[in-house]
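Asker: Just passing along the structure, written as structure tokens.
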Amino acid sequence: MTRLAAVHDAINLGQGYPDFPAPEEVKEAARRAIAEDHNQYPITWGDPTFRRAIAAKYEADYGVTFDPETEICVTCGSTEAMAASFLGILDEGDEVVVFEPFYESYNPDAILSGATGRYVILYPPDWRFDPDELAEAFGPRTRAVVVNSPHNPTGKVFTAEELGMIARLCREYDAIAITDEIYEHITYEDREHVPVATLPGMRERTVTISALSKTYSVKYAERRDLMLEVLAAAGFTADPPEGAYYVMADVTSLGFDDDVAAARHLVEDRGVATVPGSSFFSRPELGRHLLRFAFCKKLETLEAAGERLRSTR
């Protein structure tokens, strides 16, 4: 969709990258690091000062203590961290529990590791799982479960109760929780992010993954509200996300029964790029009525997208 967006000069609400500058403090810190010649090869698992800072952050934010020398590893982004975790934990014949819809890299990571995915559906409008279906997904071959909260693409923030169910099953089946928490500081209203590693018995059986690119930026509540207004005015049906910066919108009210066709129509005829919802499911038919919109954009970008989307009515 990004290539199509470029061809059609479309506003790209597909990829989750901001179109506004990085915070000035971040740029100044980068300039200072360059001036001080912090540009040599670090230790393979990350600069010691950086790892100590990460450990201090988790202790300050969540009261959980990690040894920066033996329990923290720096990777080239969270995608590498996720792939390394799959390859290091899973073997051929193992099973990994994945909630769907899911971020696209999880399925290829499972394939590369030789493991089989067991998929648990998150049901709209609040994207909750069925506890019985979750329990059925665990078995003697379960080696890991992937927990992405706040969630991409739905914006769901898993509750403490839901995480407790997952933790109980991990302990019962001796499974590892691989957690994708890169949106940990992007939540709305009174939603609270709870790291799985802070739950009883989970510190030693959790691989916690986070990143800098998504977490330390701007406040998104105003952008979320504007995105919801834009979608409603254009005739889409969408529920407010609890975290992250994505909205899953239903396109059936606009007369579409195929997400790929809807996405192509929007980018080619209306100049707004999205992501087809089916790309986030193991069974594409589950997402045929959905499109994902990213609202990590300037307010004026979202307003301009709204003007174009309203012409779909």
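Asker: Compute the Cα gyration tensor for the chain, then decide on rounded, prolate or oblate, letting a ≥ b ≥ c be the square roots of its eigenvalues: rounded whenever a/c is under 1.5, prolate when a/b is larger than b/c in the other cases, and oblate in all that remain.
Answerer: oblate
Asker: Follow-up. On a straight-distance basis, which aspartates and glutamates could pair with LYS57 in a cross-link, Cα separation under 18 angstrom, same-chain partners fewer than 8 positions away excluded?
Answerer: Those aspartates and glutamates meeting the cut-off are GLU25, ASP47, ASP67, GLU69, GLU71, ASP180, GLU181, GLU184, GLU192.
Asker: In whole angstrom, note down how far apart the Cα centers of segment 1-28 and segment 180-220 are.
Answerer: Segment 1-28 and segment 180-220 have Cα centres separated by 23 Å.
Asker: Mind ranking 7-14, 31-38 by how tightly packed they are, going by the mean number of other C-beta atoms within 10 angstrom, highest first?
Answerer: Values: 7-14: 19.2, 31-38: 9.5.
Descending mean neighbour count gives 7-14, 31-38.
Asker: Report the gain in length on full extension from TYR41 to ARG283: 0.36 nm times residue separation, minus Cα-Cα distance, nm rounded to one decimal.
Answerer: On the way: separation 242, 0.36 × 242 = 87.12 nm, distance 4.30 nm.
Using 0.36 nm per residue and subtracting the Cα-Cα distance, I get 82.8 nm.
Asker: Sequence neighbours fewer than 8 away in the same chain don't count; with that in mind, list the lysines whose C-alpha is under 23 Å from LYS298.
Answerer: Filter leaves LYS27, LYS156, LYS214, LYS219.
Asker: Subtract the Cα-Cα distance of PHE50 and ASP9 from 0.36 nm times their separation in residues, and report this length gain in nm to one decimal.
Answerer: Values: separation 41, 0.36 × 41 = 14.76 nm, distance 3.99 nm.
Difference between extended and current length: 10.8 nm.
Asker: Work out the length of the dipole vector of segment 89-215 about its Cα centre, built from +1 on the beta-carbon of each Lys and Arg and -1 on the beta-carbon of each Asp and Glu, and round it to the nearest 20 debye.
Answerer: About 240 debye.
Asker: Continuing with the same structure: If we sort 93-105, 181-193, 120-132 on the protection proxy, mean other Cβ atoms within 10 Å, highest first, what's the order? Kindly include the intermediate steps, with their values, before the conclusion.
Answerer: Numbers: 93-105: 20.7, 181-193: 18.2, 120-132: 14.9.
In descending order of packing, they fall as 93-105, 181-193, 120-132.
Asker: Among DSSP beta bridges lying fully in the chain, give the percent that are antiparallel, nearest 5.
Answerer: Among the beta bridges of the chain, antiparallel pairing accounts for roughly 35 percent.
Readers should treat all values here as calculations from the given coordinates under stated rules, not as data from a laboratory. Computed from a predicted model, the values in this text were never measured in an experiment. Don't worry about glycine lacking a Cβ; one is built from the backbone with ideal geometry, like all the others, and counts go over all protein chains shown.
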